[in-house]
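Since the structure comes first, as structure tokens, the remarks are kept for the end.
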Amino acid sequence: MHWTDLVAEKKQRQVKSIPQDWLVSPPPDSTLDVTGFPETCGLLNAREIEMTNTSVDVLLERLASGEWTSVDVTTAFYKRAIVAQQLVNCLTEIFVDRALARAAELDDHLKKTGKVVGPLHGLPISLKDQICIKGLETTMGYVSWIGQYAEKNAVLVDILLECGAVPFVRTNIPQTLMWPESFNNVFGRTTNPYNRSLTSGGSSGGEGALIALQGSPVGVGSDIGGSIRIPAAFCGLYGLRPSYGRVPYSGARNSLEGQDSVLSVFGPMTSSIGGLKAFMKAVTNAKPWLKDPLAVRKKWDEDEYNLADHGSGKDLCFAIMWDDGVVVPHPPIRRSLEFAKAALEKAGHKVVDWKPIKHGELGDVTRDIWNAASAEDFMITASLTGEPIITTMELENADAVRAPFRPKKGGITAYQLWQVQRMRRDLRKEYLDHWEATASETGTGRPVDAIICPAAPFAAPPHGKNTYTNYTTVWNALDYPAAIFPVTTVDPNLDTKKPRHDFYDDFDEGIHEMYDPETFKNAPVCLQLVGRTLEEEAVVKMTEIVDAALASAK
């Protein structure tokens, strides 16, 4: 069977998995902003709209009290997810009967015992299409993996079930996962709900687009170079890239398996900031290290969340990185950084400038590590059916622009790889010392508490144009936890193009030239908060503090 026939058959099965009475008449392609459509399309009733617009904290309270049933909440989010699918093509696996049966079991348990199953009782959770669920296919955008059904759950799925969650959809990704946009030969392209001519990001782009349309309260993405943070930033969400091993990865599918230097991690994406804490606290308190040998033995630490190592959250000192010394961000990003600085100072915190060191080198060594055997990895997987390896995310199959990561054929030797890994190790030590040395300028007696920086040099760009990911990738190389938080949206009146005369190089000039306020109109603008290794609790708390400061300054 030709690979295109396999795709046609798979797509047909996907369409059949959608309840026919949940199909709507989506707006024409010329309607770019579709964020308002789910509430006006007529599929969701007023109560379901209320449920899907409710924050994670309140959802969990109402589910635990029995005020709302899991069946009702899951149905509401399922309907909205199916509408989102028809608008932006964000889903892969849809398993309505199975999810609603699980929700009914949880409702029954609460009714009979008066007790919740766990801290995420009854909460629908979406999962990126690499997180195996027993009995479902996990293609990860590869035609070659169509028809491969998981024999058991990924460890994270088992833990989420133990915590009382309801996995209900899986979401779209790019072929190979190693793209910051989401397009593959099986399911096609996911677009951005704020402006469908722009990318939703990647590789967790299906999650980003789904949650932006309130089609899921919390989703799980993965991040090896920015794959949680880029779609969270492009879709106006909160997202967290934890340190290696904090969230279990065992039993999931992946690219570059066996590459154990710069590891991919799972983390939450959500439209309400409380979702970050709810997810991380539930998962880490479930002792994942007893199920995954690479998981770190560290429960949720409430003292760290209360910023015991950061002056208990009083008079924090944030450092702002205006640019990384490689590419200067577009005007909307600069405006959001200035707004964040003013808001934090107004809230009584200190703000200093962050001097980035060797961000270009950190990005280069990370790509060299991935490149060592990635071309072979991708070719071996795709060759089973003869599907082509995607070389560009352009809308039309134009010549590939400079991609942030594309493998080179003929990788490096094992010895050469060791040298690159050694270089990365030394850079990590240099960066640690650099951070520690900031204690002399904060005035708090501590080094800088967190760095605030862009998540990308631009808001969500047109498809195929997300050509620079170093604003996220460096923190993967350093293994620093980082959270995304929304600030504003691109406003052509406020974010006019400003002339620049000095550029780092031609690439920096090219990024500058691509900015046109009308192209990026309405795109969300988010920033990134970066902490120290295994400091997830503090990163979540400081993101809440920044979020509150921004809200009160608006």
Checklist line | Positive-end extreme of charge dipole, the chain - chosen from 438, 118, 504 (charges on Cβ) | finding: 118
Check: Considering the range 119-182, what Rg and Dmax in Å follow from its alpha-carbon atoms?
Finding: 12.6, 38
Note to self: For a quick check: sort 158, 502, 108 by the number of other beta carbons within 10 angstrom, fewest at the front.
What the structure shows: 502, 108, 158
Notebook entry, point to check: For the chain, with the dipole built from +1 on Lys and Arg beta-carbon atoms and -1 on Asp and Glu ones, taken about the Cα centre, which of 91, 192, 404 lies farthest toward the positive end?
Noted result: 91
Checklist line | Nonlocal amide H pairs with residue 92, under 5 Å, H built at 1.01 Å | finding: 170, 171, 172
Notebook entry, point to check: Hey, which of these cross-link pairs are over 32 Å Cα-Cα: 497/554; 152/358; 281/358; 10/299; 128/497?
Noted result: 152/358; 281/358; 10/299; 128/497
Next item on the list: Just need log10 I(q)/I(0) for the range 453-554 at q = 0.14 Å⁻¹, Debye formula, equal scatterers on the alpha-carbon atoms, no solvent, rounded to two decimals.
Entry: -0.67
Next item on the list: Taking the Cα atoms of the range 514-553, report the difference between the largest and smallest coordinate on each principal axis, in whole Å and largest first.
Entry: 39, 27, 10
Item checked: Spread of Cα-to-Cα distances over 10 Å intervals beginning at zero, given as percent, for the range 61-182 -> 13, 41, 32, 12, 2
Next item on the list: Counting helices only, and only those DSSP H runs with n ≥ 4, report the 222 nm mean residue ellipticity of the chain as the sum of -39,500 (n - 2.57) divided by its residues, in deg cm²/dmol to the nearest 500.
Entry: -11500 deg cm²/dmol
Notebook entry, point to check: Under a no-solvent Debye model with one identical scatterer per Cα of the range 370-467, what's log10 I(q)/I(0) at q = 0.24 Å⁻¹?
Noted result: -1.18
Item checked: Residues with amide H under 5 Å from that of residue 138, placed H, sequence gap 5 or more -> 148, 150
Notebook entry, point to check: Rg (Å, one decimal) plus Dmax (Å, integer) for the alpha carbons of the range 259-379?
Noted result: 19.1, 54
Next item on the list: Give the Kirkwood hydrodynamic radius (Å, one decimal) of the range 1-77, defined as one over the mean of 1/r across all pairs of different Cα atoms.
Entry: 15.4
Check: Based on DSSP H assignment, which helices of the chain show an axial Cα extent of at least 15 Å together with a mean Kyte-Doolittle hydropathy greater than or equal to -0.5?
Finding: 70-88, 274-285, 331-346, 536-553
Margin query: Can you pull out the GluC sites (Glu not before Pro) in the range 324-428 whose DSSP state is coil and whose Cβ has at most 14 other Cβ atoms within 10 Å?
Written below: 396
Checklist line | Two-decimal ratio, the range 331-416, of alpha-carbon radius of gyration to 2.2 N^0.38 Å | finding: 1.72
Check: Any idea what the dipole of the chain comes to, in debye rounded to 20, about its Cα centre with Lys/Arg Cβ at +1 and Asp/Glu Cβ at -1?
Finding: 800
Notebook entry, point to check: Any idea what diffusion coefficient the range 166-278 gets from Stokes-Einstein, in µm²/s, Kirkwood Rh on alpha carbon pairs, 37 °C, 0.692 mPa s?
Noted result: 237
Note to self: Rounded to the nearest 20 debye, what is the charge dipole size of the range 65-157 about its Cα centre when +1 sits on each Lys and Arg Cβ and -1 on each Asp and Glu Cβ?
What the structure shows: 140
Check: Quick one: what Rg and Dmax do you get for the range 1-138 from the alpha carbons, in Å?
Finding: 16.8, 54
Margin query: For a quick size check, give me the Cα extents of the chain along its three principal axes, largest first, whole Å.
Written below: 59, 54, 51
Notebook entry, point to check: Where a ≥ b ≥ c are the square roots of the eigenvalues of the C-alpha gyration tensor, would you call the range 396-525 rounded, which needs a/c under 1.5, or, failing that, prolate if a/b is larger than b/c, or oblate?
Noted result: oblate
Note to self: Within a 10 angstrom radius of the beta carbon, how do 324, 33 rank from fewest other beta carbons to most?
What the structure shows: 33, 324
Margin query: Defining a contact as two alpha carbons under 8 Å apart and six or more residues distant in sequence, what relative contact order in percent does the chain show?
Written below: 16
Next item on the list: Average the reciprocal distances over every distinct pair of alpha-carbons in the range 92-244, invert the result, and give the Kirkwood radius in Å.
Entry: 15.8
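Readers should treat all values here as calculations from the given coordinates under stated rules, not as data from a laboratory. Predicted, not measured: the structure shown is a model, and the values here were computed from it. When we count neighbours, we look across all protein chains shown, and the Cβ atoms used for this are built from the backbone with ideal geometry, even at glycine.
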